[in-house]
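The values are calculated or read from the model by the stated rules, or taken from the named source; none is laboratory data. Please read these numbers as outputs of a predicted model, since none were measured by experiment. All Cβ positions, even for glycine, are placed from backbone atoms using ideal geometry, and neighbour counts span all protein chains on display.
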């Protein structure tokens, strides 16, 4: 059932970071209101909306009151607890993307299995719940390989690389002897990502892939178009479409790929999916008329998607830690800056970003 | 003295309509907070910020508390009472644009005199405070002419056209026998406007002129570039620069011109100046990396201006009354829509607008 929200309806957002903040700004441009739920009283998203709830995600009575006061609920992060999603479902208020998208993206074994079952290439993987299973997995997959916790890993945390046999003895303890997954090492030469949206009628809209560069395990730049063949870019969009349809998903999703050189040409391996607006999609703000944040709000509000047309070539660069000061002083004629309103600068903290327009999109 | 506001500083905004709302959204993209002051408890701008004061502009104690709680004050409308500006000045909090800009733009006689003294062409005008002065003014200026109240006129209200001698007897009563100004009728064939910004160091940035079309005395479309010669466009920007400098102005200002055909080529006559972001500048949202709202916030916050570069040709169309429903369903690949969040649709009410990109700006 499609519930097209009218002007003045309220989107509930779980999470008060920069992604929630930018979703709220997009909702406001469309005449929709927002209510932000976040345990951190200093959440940057609280500064852009009159409606907020400061409570833990496990505070089910606060969650239910929140869900009942809004017209639909969405979220800015994939680690929304299952109990939180269930509590919202009990109120009858729609949750977009659905609890299924959370289940799949929260647990690497479920995620890889889902992607493989959708007929999409992933790195070879095996479940590791013990030292014995790790040894069996290495025997199957070979080295080098990466051992990752199955839950709540991000920005390179909760994982370790096994380069030779000596690493087998310590790797499982290194990641805390938690439920894990061993992934075969993929000799990729690039990482790209596709931001894709799906509305409540099932229509999809994929933006052009961005080529991503990381620094200290944190996204640093996203460049569009990336240095990849046009057919590979189309292929990445097709894979993202296949995955978002297999999930019966509503909203914006990020799909990260490794580009693996091979004799028959570059191959794509899906690294992971993120059930939310994505840092590697911030370039859409400056290079598209409808950006990923508006697209997400359109989808969860039951509206039609905008067209994912890109008018310009662009590079997005994150402003991390004290880079923010220099970044905000950029007034080049081809630069647009965005500050997340975080007053405390910390090393490694995403404080803002800027988009630099490189020229018109000549592939249009 | 330039006071560059840091992230997390708060911009106070007088007026809670769509212009205040869009200024707030721009401030939020720059990491600044906003506090909206408006007497109407249903102000659309209240839905996008946690800080609001609902009070009359004449409530000087509420005004002072507001001014003391913010880092600078700006406004979305030119009819801010002089007492309101004075009360803010008393607190020591900066007001941008200054009280002088309000004085000049609130009173047509002061405005025309200021423009003329700046060496810029205006329609012939004369003060009219009585029936006798009206008769003298007609004798001087001739007919046809327009009699306008000197204060608080907008969207065609408070004015009447005198076409022949029979109108002289009734015109002054028609506008309520208020302090008035008689303006010679200007045989213009187009109306254009320039949106210009000036920062606290005195740097200026003028956007390309828009050609404006009105419907029922309300702005309907703004097209950029307009159908005018490039030299005329440059001339309009130069005049706007001259005026903003003569006012020692900080912020964004709109300057409306009549284009008057003459034997030596088209001439420009300034119609009026608006000391605020302007409806005919909404096209900057879609066609520039730094739009008029961000430019205004940059200026009042003591920051450097962005470059007023236009990457695309564009037409902005207002969505008036029930046009909003159809407008919000536009998902053409070259269209960006903006809804002001007003839930009550009324005839003649500005509910939103959209920008249609016509193609790249080939004049760059």
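Numerical summary
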{"item": "Matching residues in segment A:323-341 - criterion: being within 12 Å of another protein chain (Cβ to nearest Cβ) and in contact (Cβ under 8 Å) with a residue 24 or more places away in the chain", "result": "A:324, A:327, A:328, A:330, A:332, A:334, A:336, A:338, A:340, A:341"}
{"item": "Single condition residue A:316 does not satisfy, out of (1) within 30 Å of residue A:8 (Cβ to Cβ); (2) buried (at least 22 other Cβ atoms within 10 Å of the Cβ)", "result": "(1)"}
{"item": "Single condition residue B:97 does not satisfy, out of (1) assigned to a loop (DSSP other than H, G, I, E, B); (2) more than 10 Å from every other protein chain (Cβ to nearest Cβ); (3) surrounded by fewer than 17 Cβ atoms within 10 Å (Cβ to Cβ); (4) touching a residue at least 24 places away in the same chain (Cβ under 8 Å)", "result": "(3)"}
{"item": "Enumeration of residues in segment A:167-195 that are farther than 22 Å from residue A:260 by Cα and touching a residue at least 40 places away in the same chain (Cβ under 8 Å)", "result": "A:172, A:179, A:180"}
{"item": "Filter result for the condition that a residue is buried (at least 18 other Cβ atoms within 10 Å of the Cβ) and not assigned by TED's automatic domain parsing to the domain that holds residue B:275, over B:60, B:109", "result": "B:109"}
{"item": "Residue in segment A:7-16 that is at the interface with another protein chain (Cβ under 10 Å from one of its Cβ atoms) and either outside any loop (DSSP other than H, G, I, E, B) or out of contact with any helix residue (DSSP H, G or I) (no Cβ under 9 Å at 6 or more places or on another chain) (or both) present", "result": "yes"}
{"item": "Residue match in segment A:185-195 (condition: closer than 22 Å to residue A:349 by Cα and surrounded by fewer than 18 Cβ atoms within 10 Å (Cβ to Cβ))", "result": "no"}
{"item": "Enumeration of residues in segment B:20-44 that are farther than 18 Å from residue B:349 by Cα and part of a helix (DSSP H, G or I)", "result": "B:23, B:24, B:25, B:26, B:27, B:28, B:29"}
{"item": "Candidates B:251, B:348, B:359, B:281 - the one that is surrounded by 22 or more Cβ atoms within 10 Å (Cβ to Cβ) and at positive phi", "result": "B:251"}
{"item": "Residues located in segment B:25-63, provided they are within 8 Å of another protein chain (Cβ to nearest Cβ) and without any contact (Cβ under 8 Å) to a residue 60 or more places away in the chain", "result": "B:28, B:31, B:33, B:46, B:49, B:50, B:52"}
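So that you can scan it fast, the table gives a plain yes or no per residue for (1) more than 16 Å from the chain's Cα centre (by Cα); (2) within 23 Å of residue B:279 (Cβ to Cβ); (3) not in a loop (DSSP other than H, G, I, E, B):
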{"position": "B:161", "(1), (2), (3)": "yes, no, yes"}
{"position": "B:176", "(1), (2), (3)": "yes, no, no"}
{"position": "B:186", "(1), (2), (3)": "yes, yes, no"}
{"position": "B:213", "(1), (2), (3)": "no, yes, yes"}
{"position": "B:231", "(1), (2), (3)": "yes, no, yes"}
